[in-house]
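Engineer: Mind having a look at this structure? Questions to follow.
The values are calculated or read from the model by the stated rules, or taken from the named source; none is laboratory data. Computed from a predicted model, the values in this text were never measured in an experiment. Positions of Cβ are backbone-derived with ideal geometry, glycine not excepted, and every protein chain shown enters the neighbour counts. Only protein heavy atoms, including side chains, enter the accessible area calculation; ligands, DNA and RNA are left aside. Shrake-Rupley method; radii C 1.70, N 1.55, O 1.52, S 1.80 Å.
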Amino acid sequence: MNYEFSNKVTGLQPSVIREILKFTSDPTVISFAAGNPAPEAFPVKEIEEITAKLLKTSPISALQYSITEGYTPLRETLKKRMEKAGCFDSERDDLIITSGAQQANELSCKNVALKGVEMEEDGMNIEKLEEAIKTSNNPKIIYIIPNFQNPTGLCTSLEKRKAIYALAKKYGIMILEDNPYGDIRFAGEEIPSIKSMDEDGLVIYSRTFSKTLAPGLRVGYVVAPKPVIQKIVVCKQVADVHTNIMAQIICDEYLKNYDMDAHLESVKAIYRHKCGLMLSEIEKNFSKKITVTKPEGGLFIWATLPEDCDMLTFCKTAVANKVAVVPGTAFLINETDKTSSFRLNFSTPTDEQLVEGCKLIGKLSKEMFD
């Protein structure tokens, strides 16, 4: 049979990252390609305690259907936390629980035509952002990961956050501020969120428990002006009715009965060590012609080859030599665009894998570039 699909579906392509991860099924391949939190960062014992108590004392509440907006106690807990952070105005904003930040973002901006903006060391190039706004057909939203951006690991400066907000206000468009990594800053100073600057109801603020508790829980949330949340609720009703209710209760119980701040400090310590180890091994082993970012948080390091080098060939050769990385083309909007960069993840590998993987890439880089 000849299958025909809608125009929206026909253009969909498989995730390059997911395709690369197929190589990591080989146990001899060291993967710097994933974006998973470190297994040792999961609060397994605490989640086990919460789950056992929940299923013993009130199992039906965890197993029955729930409301689309999310588990009410968790929503109230998060509203208080967001209000304390200056990111929730009870008069203007509302909050919905989503199936991870992935759904939070998808529900916030369905069926968009993307246009990329060049990144600089302190965030988006503001002039090129404004140019993109001016030259786009009826632009609606600016998408940004201000803290330890995936894939570069870069952090948007306070000056640029203010400039991005000013542009959104000037042109009457919204901002989708995606902040999955903000809680895992392990160096440097905290920078206020764009949402905390929002006086005009322009910012949709997306967050998740995936990088702080466990990604398998699939619990994220969105703070946005009430009319926006109302539309997201309707879209979510069609998508999945509601987020996993047991997982929502687990998150709420953890926030109320365990020390989240202490847990975050332990997570930061893990990533501070892992990032430092990878950077140290890169310095020891990589060709000096490769430059890398030095993130203050998050999960990723962005490596850039000399401009005249074939980055895809380098990445394919790395996999053949038993180290998987993500080619920078996986993060480009247009297939015709070019990049000489690739992404390294330091959170998932063990210390031994970090050391050995950097040695293998270093050997390859010196053979190719020195």
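Engineer: What is the diffusion coefficient of segment 278-318 in µm²/s, taking the Kirkwood radius over Cα pairs and the Stokes-Einstein relation at 20 °C with a viscosity of 1.002 mPa s?
Structural biologist: Calculated translational D: 188 µm²/s.
Engineer: Tell me the per residue accessible area of the chain using a 1.4 Å probe; a whole number in Å² is fine.
Structural biologist: Ligands and nucleic acids excluded, the result is 51 Å² per residue.
Engineer: What residue among Tyr258, Tyr165, Tyr71 shows peak mean-square fluctuation when the chain is described by a Gaussian network model with Cα springs under 10 Å?
Structural biologist: Sorting by GNM fluctuation, first place goes to Tyr258.
Engineer: Which of the residue pairs Lys170/Lys236; Lys84/Lys274; Lys115/Lys140; Lys84/Lys162; Lys79/Lys110 have a Cα-Cα distance greater than 23 Å in the structure shown?
Structural biologist: Lys170/Lys236; Lys84/Lys274; Lys79/Lys110
Engineer: Hey, what's the Kirkwood Rh for segment 256-370 if you take every pair of different alpha carbons, in angstrom?
Structural biologist: The answer is 15.1 Å.
Engineer: Report in % the part of the accessible area of segment 254-295 that belongs to carbon and sulfur, leaving out ligands and nucleic acids; probe 1.4 Å.
Structural biologist: Here carbon and sulfur together make up 52 percent of the probe-accessible area.
Engineer: Among the GluC sites (Glu not before Pro) within segment 28-103, which fall in a DSSP loop and have no more than 16 other Cβ atoms within 10 Å of their own Cβ?
Structural biologist: Sites meeting the loop and neighbour criteria: Glu91.
Engineer: If I model a spin label at Lys294 and Val112 as a point 7 Å from the Cα along the Cα→Cβ vector, what separation in nanometres do I get?
Structural biologist: 3.2
Engineer: Then there's this: For an R0 of 25 angstrom, estimate the FRET efficiency from the Cβ-Cβ distance between Glu76 and Glu190 and round to the nearest 0.05.
Structural biologist: About 0.50, to the nearest 0.05.
Engineer: Using Cα-Cα distances under 8 Å and only pairs 6 or more residues apart, what relative contact order does the chain have, in percent?
Structural biologist: 25
Engineer: How many nm separate the modelled label positions at Ser58 and Leu158, each set 7 Å beyond the Cα in the direction of the Cβ?
Structural biologist: For the pair Ser58/Leu158, the computed spacing is 4.2 nm.
Engineer: Rounded, prolate or oblate: pick one for segment 96-163, where a ≥ b ≥ c are the square roots of the eigenvalues of its C-alpha gyration tensor, a/c under 1.5 means rounded, and failing that, prolate if a/b is larger than b/c, else oblate.
Structural biologist: Oblate is the answer for segment 96-163, as a/c is 1.5 or above yet b/c matches or exceeds a/b.
Engineer: Once each part is reduced to its C-alpha centroid, what is the distance from segment 292-370 to segment 125-142 in angstrom?
Structural biologist: After rounding, the separation between the Cα centres reads 30 Å.
Engineer: Along the Cα→Cβ direction, 7 angstrom out, place labels at Gln230 and Ser136. What is the inter-label distance in nm?
Structural biologist: So the two model labels end up 2.5 nm from each other.
Engineer: Show the residues, 5+ positions off or on another chain, whose built amide H is closer than 5 Å to the amide H of Ile175.
Structural biologist: It is Ile142, Val203, Ile204, by chain and number.
Engineer: Continuing with the same structure: Could you work out the per residue convex hull volume over the alpha carbons of segment 132-214, in cubic angstrom?
Structural biologist: Given the Cα convex hull of segment 132-214, per-residue volume reads 107 Å³.
Engineer: Okay, next question. Measure off, as a whole percent, the carbon and sulfur share of the 1.4 Å-probe accessible area of segment 49-185, all protein chains present.
Structural biologist: C and S fraction of accessible area: 51 percent.
Engineer: With a cut-off of 16 Å, note down the residues of segment 51-88 whose backbone N falls inside the zone around a label point 7 Å from the Cα of Ala239 toward its beta carbon.
Structural biologist: What the label zone holds, given the 16 Å backbone N cut-off, is 67-71.
Engineer: While we're looking at this one, here's another question. In the chain, what % of DSSP beta bridges are antiparallel (nearest 5)?
Structural biologist: In the chain, DSSP labels about 70 percent of beta bridges as antiparallel.
Engineer: Taking R0 as 45 Å, what's the FRET efficiency between Ala262 and Leu312 from their Cβ-Cβ distance, rounded to 0.05?
Structural biologist: 0.55
Engineer: Provide Rg over Rh for segment 49-113; use the alpha carbon set for both Rg and the Kirkwood Rh (inverse mean inverse pair distance).
Structural biologist: With Rg and the Kirkwood Rh in hand, the quotient comes to 1.07.
Engineer: Is the shape of segment 170-254 rounded, prolate or oblate, going by the alpha carbon gyration tensor and its root eigenvalues a ≥ b ≥ c, with a/c under 1.5 for rounded and a/b larger than b/c for prolate?
Structural biologist: It is oblate, given that a/c is not under 1.5 and a/b is not larger than b/c.
Engineer: Further question: Could you list log10 I(q)/I(0) for the chain at q = 0.07 Å⁻¹, which the Debye formula gives when each Cα is one point scatterer?
Structural biologist: Ignoring solvent entirely, the Cα scatterers give -0.33.
Engineer: What are the membrane-span-like helices in the chain by this rule: whole DSSP H runs, Cα extent along the axis at least 24 Å, mean Kyte-Doolittle hydropathy at least -0.5?
Structural biologist: 260-285, 351-369
Engineer: Taking K and R as +1 and D and E as -1, what net charge do the other residues with C-beta under 14 Å from the C-beta of Lys56 add up to?
Structural biologist: Around Lys56, the charge tally is -2.
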